[in-house]
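Contents: one structure, followed by commentary.
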Amino acid sequence: MVSEANVLVIDDEQTVCDSCERILSEKGYAVRTSLDGEEGLKHIEKEPFDLVIVDLRMPGTDGIGVLRRARERRPETVVIVITGYASVASAVEVMKLGAADYLPKPFTPDELSSAAAKSLERRIGPAVVEEEELIGEKLTVLIEPAEFRKMLMELGRYVYIPWRSANGLRYSVAGSAPPGEEVIWGGIRPVDPLKSFFFEPRSRVAVYPSWRPEVLSPADLADLQRVIAGVKRCDLQALNLLDKIFLEGDFIDPVYKAARENTLVVTADCSGPTSSCSCVLMGLDPFCEEGFDLNVSEVSDGLVIEAGSRRGKQAIEAYHAKAWTKEVETFHLEEREERRRQVREAIVQMNGDFLPEEPYEALVQEGSDSPLWEKCAEACVGCAACTQVCPTCHCFFLYDQPERESKVKGRYERIRAWDSCQYAAFARVAGGANPRKSREARFRHRYIHKLVDMKEAHGVYGCTGCGRCIDVCMGRIDMREVIWELSGVEV
Amino acid sequence: MTTGLMNPYQPIKAEIKGVFPETSNIKTFVLRPRVLFPFETGQFVELTVPGVGEAPFTPSSSPEIEEKMEVTVMKVGVMTSALHEMKPGEWVGLRGPFGRGYPLTDFVRKEIVIVGGGVGLAPLRSLFLALVHRLEDYERIVFCYGARSPSDILYKNAILNEWLKLDPRMSFRITVDKGDDGWKGNVGLVTTTLDDLDINIPNSIAVVCGPPVMMKFSTFKLIDLGYRPEQIYLSMEKNMSCGIGKCGHCQLGKYYVCKDGPVFSYDQIKDAREIWD
């Protein structure tokens, strides 16, 4: 397929055109060249090229102009920009305009042919899911549990559904579960924090040396046609917070973005609670009303499925056509409301004692010199389990190691791995200074960060009340009790 | 779109063009990035020693020179020890530039006092060279610098042979904690150089960079002299790892030093816990 590709090289230097032609012809591409941007565009108008290689700086219509118009006229054309005046800024600009790659001159024949092959390969890679848009009107249907399971299986290549394990619910790949076993849509959040699907405990984020500003290799992004089902509100809230951290600002995390775009998130109403559940203390309900692709609510007649995104809506419509779904009746929605109300009430009841009168940010800020922190630090063993299981904790460190897959010597990969502010060396600088030397300072830091800083930065608490940190703490520290004590109540 | 996204974790290649020992444990590396790498003075870069890891440094060279970049590095840990072993012709990785540098537009027509300690002179050299580039924009520059001993003075040749002779609008006050037989200059902490500043403080800007304890006492001294917190700029050293405001290591109060700093006005961070630690 690749060997039949048509390539057009546009560069005002004859020697560059000639050498590109020679290199790519040897690889079996059909190559044409042009010394002028306008003339090149005329070729593109006349016939479709699979790949256009264009110089950035040319008299008349430059590389940006060619890229822009080529992408307009023939969006399927893959464009590689080459330049003798490389800079990060121009690389960013051409990438934003849709170039597949950016290659500073001089480049070796191997670099050119590998860039060409990679870019063409990427074109036939997995379809890129377009930006999510909230749908105007809600689409809600009723479906049998078994049929919904079939529907999920058709929605992605890897389908994770909540399965009962000895420790609680776990997300398991659907095919690996025992046949006939029922999917658990109710219950509380699974044991694993949802973040681990998008921000994995360890992932490769770069390979070097590369002497150009790299785009992520498609190999790192493939195989992610995923569905994750059974997500509870506490985890969805956390995911929305991680979205702000990894997808907003000047720098977007490409690994997170790829995982997020290639995953369908199916939430489910909580039927909890367990003793550590405390979403209501963080201002959350135990069910989802937005931010999901599909939401599942159990009712007596089956499952009420609601679409929350265009992707979710398309999924329902596709299965509606197969007559798997039924119209949802008003009494189904009323039953859903009643069930939600009851679960919420149960969680409120269980947490009644813990509701302080003041907002947490004020309590934590005012109590920042409280002797309570020292007391807590005595119970804390510094194991950092609380941050590992926390669905919003996203601190990581980067380390480099020899690249394992290729046999090329001198190639390294950069790994991003979970880290924790509870580890003693977390904030230490090489010179030895450490702003949080004591366990007390580190313990307090976690509370201030979650309940004050994150609220200020993102408008929501960095705690979603999932209760996992309470469940795993070896020092039996309960975040709710800490807040309660800060508000002046003896525990 | 997923494809075509820049990867902020990917270092680009830079060749080491020169290595210059400054003191017994500090070297300046001249780097030539394979693509143009413009930066603002005060911004930092993440420098990778291949296979070893990376660490943040603020370039010590002028931002006006595009084709090369210099970093001045003290040997303190695994990464910097590996870097100190490297020779011209070898390559390192670069990411960045990251963060906010010195707001030079706010310095225009001001009397600028620069207070540096130890290897903290590295970013200040870049600032100084940037200021010198448009010297006519500024009223005057007073450069105060303290080193542990005469042999610890950074850029000694440049200071003594070039900078001192540049222009009468600039003055230098250099001091060492402990002198030696050949030293005829001031002895004392860098704060002592601020004692008899002949400066119109309301029209002044102060810039401080150095070890935490030096920054603390220099800042307090400037406040005592009558500087308002918003007139003092600090270049904060934290454990910047990702450089892009996500990994959490460099948190300072509500800020991430890597994206909100490393240059802050003292006014921004004066109430932050753990500021001087």
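Table for the structure above
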{"read-out": "Residue in the range A:442-459 that is touching a residue at least 12 places away in the same chain (Cβ under 8 Å), more than 26 Å from the chain's Cα centre (by Cα) and away from every other protein chain (no Cβ under 12 Å) present", "value": "yes"}
{"read-out": "Candidates A:Tyr412, A:Tyr423 - the one that is among the aromatic types (Phe, Trp, Tyr), touching a residue at least 40 places away in the same chain (Cβ under 8 Å), closer than 28 Å to A:Met474 by Cα and open to solvent by 20 Å² or more (accessible area, probe 1.4 Å)", "value": "A:Tyr423"}
{"read-out": "Test for A:Leu247: is it modelled with pLDDT under 95 and under 15 Å from A:Lys195 (Cα atoms)", "value": "yes"}
{"read-out": "Hits in the range B:72-109 (condition: within 18 Å of the chain's Cα centre (by Cα), closer than 24 Å to A:Ala86 by Cβ and more than 14 Å from every other protein chain (Cβ to nearest Cβ))", "value": "B:Gly101"}
{"read-out": "Residue in the range A:250-261 that is of a type in the set (Asp, Glu), open to solvent by 20 Å² or more (accessible area, probe 1.4 Å) and under 26 Å from A:Ser300 (Cα atoms) present", "value": "no"}
{"read-out": "Residues located in the range B:45-68, provided they are in contact with a Phe, Trp or Tyr (Cβ under 7 Å, 6 or more places away or on another chain), away from chain A (no Cβ under 13 Å) and open to solvent by less than 10 Å² (accessible area, probe 1.4 Å)", "value": "B:Pro59"}
{"read-out": "Qualifying residue in the range B:223-230 (condition: more than 13 Å from chain A (Cβ to nearest Cβ), within 15 Å of the chain's Cα centre (by Cα) and more than 19 Å from A:Ala430 (Cα to Cα))", "value": "no"}
{"read-out": "Subset of the range A:1-39 (residues that are closer than 11 Å to A:Val52 by Cβ and open to solvent by 90 Å² or more (accessible area, probe 1.4 Å))", "value": "A:Arg32"}
{"read-out": "B:Lys238 being within 14 Å of chain A (Cβ to nearest Cβ), surrounded by fewer than 24 Cβ atoms within 10 Å (Cβ to Cβ) and touching a helix residue (DSSP H, G or I) at 6+ places or on another chain (Cβ under 6 Å)", "value": "yes"}
{"read-out": "Filter result (of a type in the set (D, E, K, R) and either modelled with pLDDT of 75 or more or in a loop (DSSP other than H, G, I, E, B) (or both)) within the range A:166-220", "value": "A:Arg170, A:Glu181, A:Glu182, A:Arg189, A:Asp192, A:Lys195, A:Glu200, A:Arg202, A:Arg204, A:Arg212, A:Glu214"}
{"read-out": "Filter result for B:Val30 (within 22 Å of B:Tyr233 (Cβ to Cβ) and assigned to a strand (DSSP E or B))", "value": "no"}
{"read-out": "Residue ID - nearest to the chain's Cα centre (by Cα), chosen from residues in the range A:380-398 that are open to solvent by 20 Å² or more (accessible area, probe 1.4 Å) and within 20 Å of B:Glu237 (Cα to Cα)", "value": "A:Cys395"}
{"read-out": "Failed item in (1) open to solvent by less than 60 Å² (accessible area, probe 1.4 Å); (2) under 26 Å from B:Ile12 (Cα atoms); (3) out of contact with any Pro (no Cβ under 8 Å at 6 or more places or on another chain), with A:Ser87 passing the rest", "value": "(3)"}
{"read-out": "Which listed residue is more than 14 Å from every other protein chain (Cβ to nearest Cβ) and either among the small types (Gly, Ala, Ser) or within 30 Å of A:Gln349 (Cβ to Cβ) (or both), from A:Ala258, A:Ala268", "value": "A:Ala268"}
{"read-out": "Contacts under 8 angstrom Cβ, first residue in the range A:360-386 being within 14 Å of chain B (Cβ to nearest Cβ) and over 17 Å from A:Cys421 (Cα atoms), partner aromatic (Phe, Trp, Tyr) and surrounded by 14 or more Cβ atoms within 10 Å (Cβ to Cβ), 6 or more apart", "value": "A:Val364/A:Tyr447"}
{"read-out": "Sole residue being under 23 Å from B:Cys247 (Cα atoms), among the small types (Gly, Ala, Ser) and part of a loop (DSSP other than H, G, I, E, B), chosen from B:Gly96, B:Gly42", "value": "B:Gly42"}
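The values are calculated or read from the model by the stated rules, or taken from the named source; none is laboratory data. All values derive from a computational prediction rather than experimental measurement. Positions of Cβ are generated from backbone atoms using ideal geometry, with glycine treated the same way; all protein chains shown enter the neighbour counts. To get the accessible areas, we keep the full protein, side chains included, count just its heavy atoms, and leave off ligands, DNA and RNA. Shrake-Rupley method; radii C 1.70, N 1.55, O 1.52, S 1.80 Å.
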